[in-house]
Amino acid sequence: MPRPIENDMASITVENYLKQLYLEQQNSPEELVQMGKLASAMGVVPGTATSMVKALADSGLVSYEPRFGAKLTRGGEQLALHVLRRHRLVELFLVKVLGLDWSEVHDEAEELEHAISEKVLERIDKLLGHPSVDPHGDPIPSAKGKVSEERLVRLPEVEMNEKVRIARIVDQDAKFLQFLNRAGLKPGVSLTVNSKDEHADSISVKVEGRGPLTLGMGAGMKILVEEV
């Protein structure tokens, strides 16, 4: 029988590990998350990450295979989605209601997501009109832990002369988001791919209402789009 982690299962550290495991699994759904990768994302040494994952496994929230990695159980995934729901609703609240810039709300939400009550969270959800995505286009899980299916592609994968709409930005780095804001590349904006240059590792796009813009392929891979 799973045993509880010492102290509080809903601790900040536990919630952060579950959330990060979920995010890592989205990048490689069929693979176990390696301890080195998880440790790097959490800013700790691999031994620290392994110890926490073992404790989560003892509590039934994670399946752990030594030397191979870990993945969330169904229970662990539901808790992770609950944390993500809080985080993303708070981000949207900070942008839409308090007027903060989308490049600075991630760190603020990291702090607030652990302190906000369910009562306040549901009031925020209602106030915002039960939104489905946060300011960066990331899906907001429902109160029941459901996430809407996305049919998105990365910008460099779009055919030339095809018109698409930006749906999601997968990099929360503040400087990157500030660059996108200056370039007019935010969720909801339409654009057309003009050309791709494999030798220069770049892609040229025409943003609606603006002139042509050239991006590095690395930056383009962080922009997810949908058909118009």
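Annotation note: Cβ proximity below 6 Å between a residue of segment 102-121 that is farther than 20 Å from Thr13 by Cα and assigned to a loop (DSSP other than H, G, I, E, B) and a residue that is modelled with pLDDT of 95 or more and open to solvent by 50 Å² or more (accessible area, probe 1.4 Å) (sequence gap 6+ or interchain) occurs for Ser103/Gln178.
Residues are listed down the side, and each one gets a yes or a no for (1) assigned to a loop (DSSP other than H, G, I, E, B); (2) of a type outside the set (Phe, Trp, Tyr):
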{"site": "Val14", "(1), (2)": "no, yes"}
{"site": "Tyr17", "(1), (2)": "no, no"}
{"site": "Leu21", "(1), (2)": "no, yes"}
{"site": "Gln25", "(1), (2)": "no, yes"}
{"site": "Glu31", "(1), (2)": "yes, yes"}
{"site": "Lys37", "(1), (2)": "no, yes"}
{"site": "Thr48", "(1), (2)": "no, yes"}
{"site": "Val53", "(1), (2)": "no, yes"}
{"site": "Leu56", "(1), (2)": "no, yes"}
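The lone criterion from (1) without any contact (Cβ under 8 Å) to a residue 60 or more places away in the chain; (2) among the aromatic types (Phe, Trp, Tyr); (3) open to solvent by less than 30 Å² (accessible area, probe 1.4 Å) left unmet by Tyr64 is number (3).
Suppose the filter is closer than 21 Å to Asn27 by Cβ, under 15 Å from the mean Cα position of the chain (by Cα) and open to solvent by less than 70 Å² (accessible area, probe 1.4 Å); does Gly76 pass it? Here the answer is no, as Gly76 does not meet what is asked. Screening the candidates Asp125, Asp173 for the property of being within 21 Å of Glu110 (Cβ to Cβ) and touching a residue at least 24 places away in the same chain (Cβ under 8 Å) yields one hit, Asp125.
Each row is one residue, and each column tells you yes or no for (1) loosely packed, with under 14 Cβ neighbours inside 10 Å; (2) over 17 Å from the mean Cα position of the chain (by Cα); (3) assigned to a helix (DSSP H, G or I); (4) not aliphatic (A, V, I, L, M).
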| site | (1), (2), (3), (4) |
| --- | --- |
| His82 | no, no, yes, yes |
| Leu94 | no, no, yes, no |
| Pro131 | no, no, no, yes |
| Pro135 | no, no, no, yes |
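Of the residues making up segment 187-206, those that are closer than 21 Å to Gln172 by Cα and either assigned to a loop (DSSP other than H, G, I, E, B) or more than 26 Å from the chain's Cα centre (by Cα) (or both) are Pro187, Gly188, Val189. Remark: pairs (first residue in segment 135-153, of a type in the set (Lys, Arg); second residue modelled with pLDDT of 90 or more; Cβ separation under 7 Å; 6+ apart in sequence or on different chains) = Arg151/Glu226. Selection within segment 207-228: residues that are open to solvent by less than 80 Å² (accessible area, probe 1.4 Å) and charged (D, E, K, R). The member of this set that is farthest from Ala174 (Cα to Cα) is Glu226.
The values are calculated or read from the model by the stated rules, or taken from the named source; none is laboratory data. For clarity, every value in this text was computed on a predicted model and none was experimentally measured. Ideal geometry is used to build each Cβ from the backbone, glycine not excepted, and the neighbour counts take in all protein chains shown. To get the accessible areas, we keep the full protein, side chains included, count just its heavy atoms, and leave off ligands, DNA and RNA. Shrake-Rupley method; radii C 1.70, N 1.55, O 1.52, S 1.80 Å.
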